[in-house]
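> So that we are looking at the same thing, I have put the structure below in structure tokens.
The values are calculated or read from the model by the stated rules, or taken from the named source; none is laboratory data. Keep in mind it's a predicted model, so treat the numbers as computed, not measured. Reconstructed Cβ throughout: ideal geometry from the backbone, glycine too, with neighbour counts over all protein chains shown.
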Amino acid sequence: MDVFIKKSKSTKSNKLNVQFYLSLICISFVTSCTTLDLTLPIAELESPQHQGRLNGFGIEFSGATGQQLQLTPDASIRPLATAAAGKHTNEKIFILKPAINLYAWNRFTFTGGVIDSKSPFFKMKVSLLSGFREDGEAGRYHASIATEVSYQRAEKTGTQNGLGGPTGFPWKGSSELLNGKAGLSIGYQYWKRFTPFIGYTYQQFQTLGSIEQNSTSSDAGGTYTYKPEIGKVESYGLGLDWKPNPTLFIMPQVILYNLKWYDKDVSEVGGSLKIVYVPVQ
């Protein structure tokens, strides 16, 4: 009997825990459906070395620091002035950036990929001091400059009046992010397979968006437009280019960056880990 009671209590407790976590997931999902968010990648440093043979290609994958920029926490709430007056916020997040590299000529690298499966980006890097070396010797300086652009557009729709509110109030929200960066990296190949480097990156971006709320019998609705807002990020960092074998490059780095956007002025520490695989060298 005691065993049965203990099992019953355990079963009830497990059910309550499951219900609790499901409730949290539902609340999180519903909340994300009414916000206007954008994902800003914090610029990584590029390796100062040229990593691929002429006309070759490589696969690049990195996990890095990003910022989630929020234009409003609830685009559905009425009246429209309340939704439009939502506070702009930012939050540090982790992002993924898979990409493909093309090593054109002897010092140029062209890269195309996606940020968190939703934002295309394109990058170009130029190695300044030397091109590809299959087995570079220690005691060499390396330097590179790089530029990158990315774009994101997000749209959300719903029929509720405020988070968890009554239905029958159609609305639509959209947001856009245009982002660009330019940076310089300098390193010294102390050892044959290890090249520590430092770098600086300047990043400028623009956000804009809009909220459209349809008129109903109880609310006039309307349209509100977020005018283009320019933000910027300055990053200083320290990294390491490790080449464990001729086709693999592993690059951890630490970054100190300052973000300015609307009334935000945030200085934080971030970083990334980038892995580049070049099938044929």
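> Which numbered condition in (1) under 29 Å from E268 (Cα atoms); (2) modelled with pLDDT under 90 is the only one that T11 fails?
(1)
> Further question on the same structure: Against the condition in contact (Cβ under 8 Å) with a residue 40 or more places away in the chain, surrounded by 18 or more Cβ atoms within 10 Å (Cβ to Cβ) and of a type in the set (A, V, I, L, M), how does I115 come out, does it pass?
Considered against the rule, which asks whether it is in contact (Cβ under 8 Å) with a residue 40 or more places away in the chain, surrounded by 18 or more Cβ atoms within 10 Å (Cβ to Cβ) and of a type in the set (A, V, I, L, M), I115 comes out as yes.
> Give the residue, chosen from A85, A75, that is touching a Phe, Trp or Tyr at 6+ places or on another chain (Cβ under 7 Å) and either in the same structural domain as N214 (by TED's automatic domain parsing) or surrounded by fewer than 22 Cβ atoms within 10 Å (Cβ to Cβ) (or both).
A75
> Output the number of residues of the range 146-177 satisfying the condition of being assigned to a strand (DSSP E or B), surrounded by fewer than 16 Cβ atoms within 10 Å (Cβ to Cβ) and not small (G, A, S).
So the answer is 8.
> Kindly indicate whether I95 is in contact (Cβ under 8 Å) with a residue 40 or more places away in the chain and either surrounded by fewer than 16 Cβ atoms within 10 Å (Cβ to Cβ) or not assigned by TED's automatic domain parsing to the domain that holds Q160 (or both).
Taking the combined requirement at face value, the residue does not satisfy it.
> Here is a follow-up. With (1) surrounded by fewer than 17 Cβ atoms within 10 Å (Cβ to Cβ); (2) closer than 30 Å to G221 by Cα as the list, and V126 as the residue in question, which single condition is left unmet?
(2) is the only condition that V126 fails.
> So, one more: Which members of the range 98-113 meet the condition of being part of a strand (DSSP E or B) and in contact with a Leu (Cβ under 9 Å, 6 or more places away or on another chain)?
Y103, A104, F108, T109, F110, T111, G112, listed by residue number.
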